[in-house]
Each structure stands twice: as structure tokens, then as C-alpha cells.
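Below is one structure; the comments refer to it alone.
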Amino acid sequence: MIPVRRFDAIVVGAGGSGMRAALELARANLKVAVLSKVFPTRSHTVAAQGGIAAPLANSTEDNWHWHMYDTVKGSDYLGDQDAIEYMCRRAIEVVVELEHMGMPFDRLENGKIYQRPFGGHTQDYGSAKMAMRACAAADRTGHAMLHTLYQQNVRANTQFLVEWMALDLILDPQDGAVVGVTALEMETGELCILQGKGVLLATGGAGRIYWATTNAFINTGDGLGMVARAGLPLEDMEFWQFHPTGVAGAGVLITEGVRGEGGYLLNKNGERFMERYAPNAKDLASRDVVSRAMTTEIKEGRGCGEHGDHVLLKLDHLGPEVIMHRLPGIREIAMKFANADPIRDPIPVVPTVHYQMGGIPTNYMGQVVAPEGASKEAIVPGLYAVGECACVSVHGANRLGTNSLLDLLVFGKAGGEQLIKDLRTQPTPHRNLPKDAGEPTRARLARLDGAKSGERVVDVLNDLRRTMQAHCAVFRFPDDLHKGVEKVKELGERVQRTFIGDKSKVYNTARVEALELENLVETAMATMISAEARKESRGAQARADFPERDDKNWMKHTLWYKEGNRLDYKPVHLRPLTVQTMEPKVRTY
Amino acid sequence: MKLTIYRYDPEKDAAPRYQDYDVPVDSHDRMLLDALVKAKAQDDSLSFRRSCREGVCGSDAVNINGKNGLACITKIAELPEHVTIRPLPGLPVIRDLIVDMTQFFKQYHSIKPYVMNSDPPPERERLQSPEEREHLDGLYECILCACCSTSCPSWWWNPDKFVGPAGLLQAYRFIADTRDQATSERLDNLEDPYRLFRCHTIMNCVDVCPKGLNPTKAINHIKELLVKRAV
């Protein structure tokens, strides 16, 4: 028998969104368990740098309508406008709350929160004037935010299960309601069932499917794998954001805040090439636009360095004062990972995978939705998803910088609120667990423990990451996509034959990595299949064979199912909550 | 390069041992963590924590040739050819380089690491001048990696009673925050022969902090405040 522990609610993941949700739940005096593979302050939110969006108008005129317009346009019109309105309207509330919690924001002379410009954030519905909307704590905004949220959870006595990895959802076979998860306590190697009336997934992104990524080792799409194995769909997985400025060769992120503060990109001729691609916003165009421009420069022979494989980010003209005060973390990173002191030298950068716009389909209350009968968006009872693992969708085909931290707070809070509401309006006791609860997980673990030979996890992982990098990057070519699908399918079979030498129960990281690989391969499969099928270019999906956006045929969300790699589609929510629809236009910056 | 790594699996090993790894490093391997990952590719039973690989999550603090540091921002080029890696000193070892940090976090929690302010929150942000905000610099950046506390002889001796440099740095972070109203309660909480005054300014904490922070200075500020309060 697998031991069972009972809670009202289970939160899987303790990054920004998981901890924001947990705070809501803990304050409601519910019995909550928050699982995390790592100690909460080690979650990847910690690495966010530049800021969190909110139209506080502390430095430039601003309002949520303009923020909403920029977000819809940034999404290349694939974002759901009801959800985007919801997020932009709650931005001030959640950011002010975060300040009250103790977030060490930088300050203006008048004592208000310091705000800087960021890519794609404009005034007056896309005018050439940039909005200063990114609320910043130097270039360590994510670190400051994650620690603040952890501190508030300490105060609220949240119960964390630290270094536990969730493995599978447990569904009631009657109606598909989620009634718990199986989880591995890493220190002891014990498998456990955590039973709950609500399960909220906040497992973050899966950028480790690519070779060059800004993402941490832990970003392995665990929630995505759990959902896919439970027979539920994943939405818009073809849309992966390549951040323009990852340190060449190292992948480590250099914030867009550098360009917000006035830095810019140069090719080997010393030309500020973004002026050609985005005459108005230049280096502060949307990330997909800048990444394509950089890739084009490099492909056309204007890249820098011995191999012409990167461009340069120049910021020495900002002066030591601005660099040391506003961008101290960047200086540290550049000196460590690029041997360049940005006070004197430019930083070599390349577009690097950074963020997953797609994910587990939800509505803007954080409830997971999936097609059932006549509805394309029937609520899956008991299951919630927030943060990067979720697809609300507020980011559509391309996310604006600083909207991710905002997404974490708004939907972390909203998901928590909805879960509380659902528990209070349906005060049922715990449902009985299905008879075979946990059996699929036990079978997976038994296979790994029993395997005496097979594929090394690290080999399959490296092949997977190289395949995704070669077949599904900034520009996508039909041949590469076809072959990529076949290769990822092969990798999916190899994952079934992995072998680990380490059979110890105690803190077995080899076992954890093997289980993570099973989640990564589902994510990669969803990405390749969805990208191959979408015959247009939109946001982060740029196809050589279909270079234009095709609103007539493709203004719709992709839904991928693990079973048979089946695809389905559902319409974009074009109607906001209270304002007029923002009609699709040609997207220029 | 040659790595000599502390190994211990309580399921298999009667006592800890050292194991050597020959790791071929090339120009892509910048940091000690890259070498550790390669060693693990040779032997998947080698266990250590890691996550962000850029020095901001605080997972991979280890003892490198006798000095605590983060493997992910320790440059291979600046290390000798032979490196000995041990778990952080002074904490129970769970396995290999993975230590039990319960005591460390207990001390962090003991200083009430959150802003306390009983005024009703205003509609917008609480105001703070840039100068007031600057007092938090050098404090809030702590990543809780435990390099400092586990290099502190006073903390080795009394990990249950002495808060340690990491916890005290954070205690001062909240004292220094103009939005916090609990200075006197915070000082009461530290006015104790062990909790604060076990710091004998040995300054190992300053020497090892991978973020360049100065816990000793923060501890001295707290001591000054206690003196001021007494007179």
C-alpha cells in the first residue's frame, strides 16, 4: 500500500505563482501542502531580472487600457482578450500588495516605485513613446519577489514539503475529477499519495527541452507531463520565446532591462541594426521581433566574433553609475560568464530559449479546462494551474517582458481565490481514492529500479535537447519540422528504455533526472507536433514556408493530446470583459 | 581536471569516503558545476544539488579545496588542476554533497524574516526615499546558500543557539527597512549571549559570501543599536 496523506488543497511548485496561491490558501486557514522539488527560494522565479509590469504611472502617463493593448498586440492576437483585460486590471493591486509585503523595489525621488521602459510597452495604444511600466528591484526583481513571497508564507505558517517531486495526477474514473497526486520524497525515496479536494499545479516552464536555454536545471515541465499522462491536452505548445539576450555559449540571461535603460545591439560592422527592423521601438521591439532580427544578422554574415555566431550588447555609454546601481547583477553575470565588464566591454549575446507561452489550458480563474462534449472549455473538477505551466492565455504567441512576473501574481492569487471558493461552495468530504490509485506511478518507478541495462538518461536528454534546438528554433523550416517529429517520436521510445545505475533510496538524483526526462519528452513532443501542424507565422512561430500570419485559418489555439499525438483546436477569446475587442492589425514596432 | 569528491550513501557506506574522478574539460566548461555535471555523467550515483547555474538560487554551495563557494560561479580556470569537493561543513550529510539544512533555515525563520507594519496599508505603495531604500542594498541580495553560516566556527559550535551570519544579515535587513515597525521586538529577540553575541568577528562569512555581502558589518550595526538602546 502506498501511504496516503490528506489535505484540503495541494499546491505543486513553490515559485512565484505557487507561493502566491499558497499564501491565499494559508490565510484562508485551509490545510494545504505545498510541494517543491527545491527549497522554495531556489525556484526559477528567482532568476527573473528586469521587472514586473503595472501601469502605476509613476514616471510616464499610463493606464491598464494601454497595457492591455500592448499585451494583445505582443501576443500577435493569439492571447485571450478577457484574460488579458483581467490581468492588466489587477496589475496595480497585486504589485502594491507585493510592496506592502516588503518587496524591496527601487525608488524614485518622490518615494514611489521606480519603473523602467521595457520591450513592447508603449503609451497611447502603440505610439512611438515607450511607457515606463516595469517596476524593478535593480536587476534582481525575481529574486526580491520570490524571497518576499517566501517570507510571507513563513509568516502565514504555510506547510511546505521541501524536496518532494510530484509524479502523476490521480483522477476519479467516474467523472475525471482530480483527487490527488503521487509524489516522491527525495530524501527517503518513498512514494506517497497526497490526497486533496483541489490540486493546483504551479510547476513552471520546461525550457530544458532546448540545448541553449536561460532556464534552470529544474525547469523540466513536470506539471505538463502529469497533465499529458492524465489524458488532458496541452495548449499552444509551439510557442516558445527566444530571449534576445542570453550570454553566447553560456545561455545565462541578460535582462531586457539593459535595453530599457538605454543599451542597444550591434552587428560586426558596429551598426545598430534594430533601426532597420523596428524603426520606432528599435531595440525595445517585442522579443520575437528582436530575436528574428538578430538571427537574420548572424545568418547573413554580420555576426560578431571568430565564428560570426553572436551579436554585441553595448551598454558602456550608460556610465558606471547606472550600471552599478540599476544593473549590478548583469555586470556580475557578464564578468563571470562572458569575461566582459560591461562598464567597458559589450556583452556577446544570442537568442536563447527563455519562456513557454503555451501550457495547461485554463480560464482566468486558474481552473483547468478541456474539451468535453459540446464544450471546448469544460472545467476539469479539482484541477487548477497557474504561472508558466498554465496557458490562460495571456501571452498568446509571444510574451512581453515583465508580464510573466505579473502573470504569476495575478493568476496565483486568482487561482487561490477560486480554489477557496470551490471548496467552500462544495463542502464535500474527500472522495474515495480509486482502487488502483498510484499504480501507474509505481509501475514507472518499478521499471526504472528493475532495469539492469538500457539507455543512459544523460544521452537521451542531450539528444532531445539537440533535436529541439536544430529542428524547432527561431526560424522553422518544413523539412526540419517533419524530421523533428520523427526524431522526437524515436526519443519517446528511448525514454521507455532508460536505465539508472544508482538504485539507492536515499536522495537519488539519478532517479529524479530519469523521471524529469519523461516529462521533458512529453513537452518536446507537444511542441514539435503543434509547430509542424501550424501552417502560419505568428509571434514566436516563424515558418520559412508560411511567412505570414493567417488569421482566417489560424486564429485559434492548438490543443495537443499525448494519446496518438492527436490535435484539436479552439477559438481565441476575442471579446474582453468590459472593453471593445482589439482588432488584429499588421504588427510593426 | 581531477576531482576528489566526498562520497557517502547511508544505504551502502559504513563511513564516508573519497572518490576520484578524471573529468576531461574543454573550453565550454567554464565553471566547477560543469565539471561536476560531467562527473555525474560518468557515475550517476554522484549526488549534489543544483538549479539556476548562475549564482542566484543558492543550491550548489559546497566546500571547494577547503573554502565554501557556489560551484556554478567558481571558474575552472581559477582553480588548480586537482580540486577536492566536500559538503558544507557543520551540517549533517544526507548523501554525498547534499547536506541537511534544517538547522540553517530554522535560524533564518527565528528572526521573523518579514516586514512587520501594523498600520492599515495605504491604497498605493508605502513611500520610501532612494536613500532609505539604499540601506537595504547589501542585505536583501542574500540567496540563503549557507556558505557563510557553515564557515563560521561560532555557528559550528552552537548551531542551535547562535543565529549565524545569514540569519543575522536578514535580521538587520528588516531592521534597516523604513517600512518595518518592529525594531525593538527584533532587538529583544537578539539580545542574548548566544543568538547575537556569539559572533566574534572572525569574518569567515565575509570571506566566503559568493554575493559579496558583509554579514559582519550588519551584525555590528545590530550590536550598535543594542548599545544605543541601553544608554
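The values are calculated or read from the model by the stated rules, or taken from the named source; none is laboratory data. For clarity, every value in this text was computed on a predicted model and none was experimentally measured. Reconstructed Cβ throughout: ideal geometry from the backbone, glycine too, with neighbour counts over all protein chains shown. Ligands, DNA and RNA are excluded from the accessible area calculation, which covers all protein heavy atoms including side chains. Shrake-Rupley method; radii C 1.70, N 1.55, O 1.52, S 1.80 Å.
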Mean separation of Cα contacts under 8 Å (6+ apart) over length of segment A:149-202, as relative contact order %: 26
Output field shielding_mean for A:276-282 (other chain Cβ, 10 Å radius) holds 0
Can you give me the long-range amide H partners of B:T84? Hydrogens built in the peptide plane at 1.01 Å from N, cutoff under 5 Å, separation of 5 or more residues or another chain. B:T4, B:N65
Take every Cα pair under 8 Å in chain B that's 6+ residues apart, average their separations, divide by the length, and report that relative contact order as a whole percent. 18
Residue by residue through segment A:72-86, which ³J(HN,Hα) values in whole Hz follow from phi under the Karplus form 6.51 cos²θ - 1.76 cosθ + 1.60 (θ = phi - 60°), with glycine and proline marked x? 5, 5, x, 6, 6, 6, 9, x, 7, 6, 5, 5, 5, 4, 4
Compute the distribution of all C-alpha to C-alpha distances in segment A:43-196, in bins of 5 Å from 0, and list the percent of pairs in each, rounded to whole numbers. 2, 8, 13, 15, 14, 13, 11, 10, 7, 5, 2, 0, 0
Would you mind getting the accessible area per residue of segment A:205-267, heavy atoms of the protein chains only, 1.4 Å probe, in Å²? 12
Between segment A:564-589 and segment B:152-169, what is the C-alpha centre distance in whole Å? 55
What do the square roots of 5 times the Cα gyration tensor eigenvalues come to for the protein assembly as shown, in whole Å, largest first, as semi-axes of the equivalent ellipsoid? 36, 32, 29
Take peptides A:173-180, B:8-15, A:145-152 and line them up by average Cβ neighbours within 10 Å, highest first, as a rough protection proxy. A:145-152, A:173-180, B:8-15
Say a paramagnetic label sat at a point 7 Å from the Cα of A:M335, along Cα to Cβ; which residues of segment B:202-231 have their backbone N under 12 Å from it? B:211-213
Counting protein heavy atoms only and a 1.4 angstrom probe, how many square angstrom of accessible surface do chains B and A bury in total, to the nearest 100? 5300
May I ask you to evaluate 6.51 cos²θ - 1.76 cosθ + 1.60, the Karplus curve with θ = phi - 60°, for each residue of segment A:559-572 and list the ³J(HN,Hα) values in order in whole Hz, giving x for glycine and proline? 10, 10, 10, 4, 4, x, 6, 6, 10, 9, 9, 9, x, 6
Counting only DSSP loop positions in segment A:211-258, the chymotrypsin sites (Phe, Trp or Tyr not before Pro) whose Cβ has at most 16 other Cβ atoms within 10 Å are none
Express the accessible area of chain B per residue in Å², computed with a 1.4 Å probe while the remaining protein chains stay in the model. 42
For segment A:529-579, state which trypsin sites (Lys or Arg not before Pro) are in a DSSP loop and have at most 16 other beta carbons lying within 10 Å of their beta carbon. A:K535
Give the long-range amide H neighbours of A:R476: residues separated by 5 or more places, or on another chain, with amide H under 5 Å away, using H modelled in the peptide plane at 1.01 Å from N. A:A542, A:R543, A:A544
What is segment A:36-86 by shape, rounded, prolate or oblate, if you read a ≥ b ≥ c off the alpha carbon gyration tensor as root eigenvalues and call it rounded for a/c under 1.5, prolate for a/b larger than b/c, and oblate otherwise? oblate
Using +1 at the Cβ of each Lys and Arg and -1 at the Cβ of each Asp and Glu in chain B, identify which of B:N68, B:L187, B:I85 lies farthest towards the dipole's positive end. B:L187
Tell me the mean residue ellipticity at 222 nm calculated for chain B from its helices only (DSSP H runs of n ≥ 4, each -39500 (n - 2.57), averaged over every residue, nearest 500). -8500 deg cm²/dmol
Once you compute Rg and the Kirkwood Rh from C-alpha atoms, what is the Rg to Rh ratio for segment A:176-267? 1.11
Before rounding to the nearest 500, sum -39500 (n - 2.57) across all DSSP H runs of length at least 4 in chain A and divide by the residue total; then give [θ] at 222 nm in deg cm²/dmol. -11000 deg cm²/dmol
Projected area, mean over directions - segment A:1-48, Cα convex hull, nm²: 3.8
On alpha-carbon atoms, Rg over Rh for segment A:460-541 using Kirkwood Rh? 1.08
For segment A:118-127, in residue order, the Karplus 3J(HN,Hα) values (coefficients 6.51, -1.76, 1.60; θ = phi - 60°; whole Hz; Gly and Pro = x) are 8, x, x, 9, 10, 9, 6, 6, x, 6
Segment A:294-398: GluC sites (Glu not before Pro) in DSSP coil with no more than 12 other Cβ atoms inside 10 Å: A:E300, A:E306
Taking amide H positions as placed 1.01 Å from N in the peptide plane, with prolines and chain starts having none, which residues 5 or more places from A:A138, or on another chain, fall under 5 Å of its amide H? A:D106
With a/c under 1.5 counting as rounded, go ahead and sort segment A:284-438 into rounded, prolate or oblate using the C-alpha gyration tensor (a ≥ b ≥ c being the square roots of the eigenvalues; past the cut-off, prolate if a/b is larger than b/c, else oblate). prolate
Bounding extents of segment A:354-421 in its principal axis frame from Cα atoms, largest first in Å, are 36, 26, 13
Rounded to whole Å, sorted largest first: equivalent-ellipsoid semi-axes of segment B:90-231, Cα gyration tensor: 27, 17, 15
Three-way shape call for segment A:270-326 based on the alpha-carbon gyration tensor, with the a/c threshold at 1.5: oblate
Other chains' Cβ within 10 Å of B:137-145 residues: what's the mean? 5
Inter-label distance for A:K268 and A:K299, nm, one decimal - labels placed 7 Å from Cα along Cα-to-Cβ: 1.7
Modelling each spin label as a point 7 Å along the Cα-to-Cβ direction, I'd like the B:D188/A:D175 distance in nm, to one decimal. 5.1
Contact order relative to length of chain A, as percent, for alpha carbon pairs under 8 angstrom and 6 or more apart: 22
Nearest-0.05 FRET efficiency for A:K489 and B:D160, computed from C-beta distance (R0 60 Å): 0.65
Quick one, can you get me the convex hull of the C-alpha atoms of segment A:83-162 expressed as volume per residue in Å³? 140
When the Cα atoms of segment B:1-42 are enclosed in a convex hull and the volume is divided per residue, what value in Å³ results? 69
Take the Cα of A:E61, step 7 Å along the line toward its Cβ, and report every residue of segment A:116-130 whose backbone nitrogen sits under 20 Å from that point. A:116-118, A:120-130
Those residues of segment A:484-505 for which accessible area with every protein chain present is at least 40 Å² below the isolated value (1.4 Å probe): A:D502, A:S504
Given a 1.4 Å probe and every protein chain left where it sits, what share in percent of the accessible area of the protein assembly as shown is carbon and sulfur? 51
Averaged over residues of A:154-162, the number of beta carbons from other chains lying within 10 Å of each residue's Cβ is 2
Whole angstrom only: what separates the Cα centroid of segment A:206-230 from the Cα centroid of segment B:47-110? 25
Cβ charges +1 (Lys, Arg) and -1 (Asp, Glu), total dipole of segment A:273-360, debye: 180
B:E123 to A:A374: FRET efficiency via 1/(1 + (r/R0)^6), r the Cβ-Cβ distance, R0 56 Å, to the nearest 0.05? 0.80
Unit charges on C-beta of K, R, D, E only; dipole of segment A:194-286, Debye: 140
